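Below is one structure, written out as structure tokens, with a few remarks after it.
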Amino acid sequence: MKLSRFVQWLLGTCLAAAGLLIFFRSVDPHRLVLQLSHASPWGIAACAGLAVMSIWLRAIRWKVMLPEPPLSHKKQLFPLVMIAFMINNILPARMGEAARAVLLWRRNKYSAAVSIGSLILERGIDVLALSACFFAPVFLMPGMGSGDRSSIYTAVTLHTAAILLAVLAACGIGLIAAYSVFPRAVGTMFGRALTIVPESIRPKIERVGRDVASTLDWLFSWKKVVVVAALSAGILACYALSVLALIQEKNFGILQALFAQAFAALGAAIPLAPGYVGTLHAFMLEGLALCGVGRDKAQAITILYHAVPYITITALGLYYFFKLNVTFKDISEAEKKIEKEDQGAHE
């Protein structure tokens with residue numbers, strides 16, 4: 001095992017342990033078991049189904065966003081996404097994302113630039129969508145965060161963070177809109193902006209920029225833009241509906257579910273913890289508490305929200321992994337090749 005991979009495992013384990021320590025620091029085992037025993041079987045089944053649906057919508061969105069070069073194809077994207085999320089569940093550092101790029105390059109014959117760029121762009125769209133999940137509930141529910149004194153957050157800090165995220169989201173959407181109308185001007189602006197970046201990291205940023213630019217053809221079709229936006233909203237709806245299906249409280253609505261999901265996504269964004277264990281738990285617990293959910297119930301909901309999709313996606317991912325005759329060795333070897341091809345294409 002390489003030292004870097006060992007360090008990733010070590011840091012991932014430490015992050016997961018720290019997150020779980022924070023999550024369980026004040027848990028009452030008896031009350032937690034009681035809350036879990038009251039979970040609705042229908043809610044758990046709905047959560048599992050919505051997890052699969054979110055992957056299906058991601059695959060469709062990916063298909064819309066990918067260009068259509070003559071020698072490539074868009075078949076079996078759903079299994080590729082499922083395999084990637086399965087790998088994310090069992091390995092640290094979100095290695096499933098690299099595996100998805102490799103599989104698209106190797107099985108669907110897309111170039112290295114498109115394979116890598118499409119995933120970077122997808123993550124960017126997810127960040128914009130999840131930002132809205134945070135700032136929209138805060139703006140629409142001014143009392144958010146004022147009821148839970150045990151939280152490290154307050155209504156003031158949440159509102160400040162919401163304003164910052166809203167501004168950043170507006171800038172991101174504005175940049176995408178500008179590129180769809182003036183692609184050359186935006187490209188020129190990007191090149192000039194790079195002149196102030198240290199030369200040591202400039203080539204890497206330029207390579208990432210070219211990779212992303214290779215997957216932006218869909219922006220020139222308003223129909224595809226609408227479809228991508230609708231699918232992104234559908235993916236968020238799956239996550240929010242999962243929270244609603246598990247919590248089943250009359251005073252807990254869609255805005256609170258989106259807000260709790262934003263906190264869960266923040267924890268999941270920390271890349272080293274395998275399967276988002278610990279980090280997702282610690283952050284989502286805070287999000288639910290800020291929405292007025294009692295700590296005992298919030299802990300039970302967080303455990304189910306993580307465990308149900310984790311088991312479902314991991315099982316289906318393993319099924320497709322073996323069905324498509326994929327091996328970790330092949331992914332590792334192909335990953336080295338795709339990196340060389342991507343670097344060679346930009347030299």
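The values are calculated or read from the model by the stated rules, or taken from the named source; none is laboratory data. The model shown is predicted, which means the values in this text are computed figures rather than measured ones. For neighbour counting, all protein chains shown are included, and Cβ atoms are generated from backbone atoms with ideal geometry for every residue, glycine included.
In segment 245-261 there is at least one residue matching the filter, namely being out of contact with any strand residue (DSSP E or B) (no Cβ under 7 Å at 6 or more places or on another chain) and within 24 Å of Met95 (Cβ to Cβ). Show the residue pairs that are 6+ apart or on different chains and have beta-carbon atoms under 7 Å apart, the first residue being within segment 264-275 and modelled with pLDDT under 75 and buried (at least 22 other Cβ atoms within 10 Å of the Cβ), the second being part of a helix (DSSP H, G or I) and of a type in the set (Gly, Ala, Ser). As it stands, the answer is Ala273/Gly12; Ala273/Ala16; Ala273/Gly19, since those pairs meet every condition given. Hey, can you tell me all the residues within segment 276-310 that are free of Cβ contacts under 8 Å to residues at least 24 places away in the same chain, among the hydrophobic types (A, V, I, L, M, F, W, C) and surrounded by fewer than 23 Cβ atoms within 10 Å (Cβ to Cβ)? Across segment 276-310, the qualifying residue is only Ala307.
The set of residues from segment 288-320 being modelled with pLDDT under 90 and of a type in the set (Gly, Ala, Ser) comprises Ala289, Gly292, Gly294.
Pairing residues of segment 87-99 that are under 9 Å from Gly275 (Cβ atoms) with residues that are hydroxyl-bearing (Ser, Thr, Tyr) and assigned to a helix (DSSP H, G or I), at Cβ distances under 7 Å and at least 6 apart in sequence or on separate chains, gives Asn89/Tyr310; Asn89/Thr314; Ile90/Thr314. Does at least one position in segment 232-247 carry a residue that is farther than 30 Å from Ala98 by Cβ and surrounded by fewer than 17 Cβ atoms within 10 Å (Cβ to Cβ)? Checking segment 232-247: not a single residue is farther than 30 Å from Ala98 by Cβ and surrounded by fewer than 17 Cβ atoms within 10 Å (Cβ to Cβ). Listed by position, the helices (runs of 4 or more DSSP H) contained in segment 185-300 that have at least 1 residues being more than 30 Å from Phe24 (Cβ to Cβ) and within 22 Å of the chain's Cα centre (by Cα) are 202-213, 222-247.
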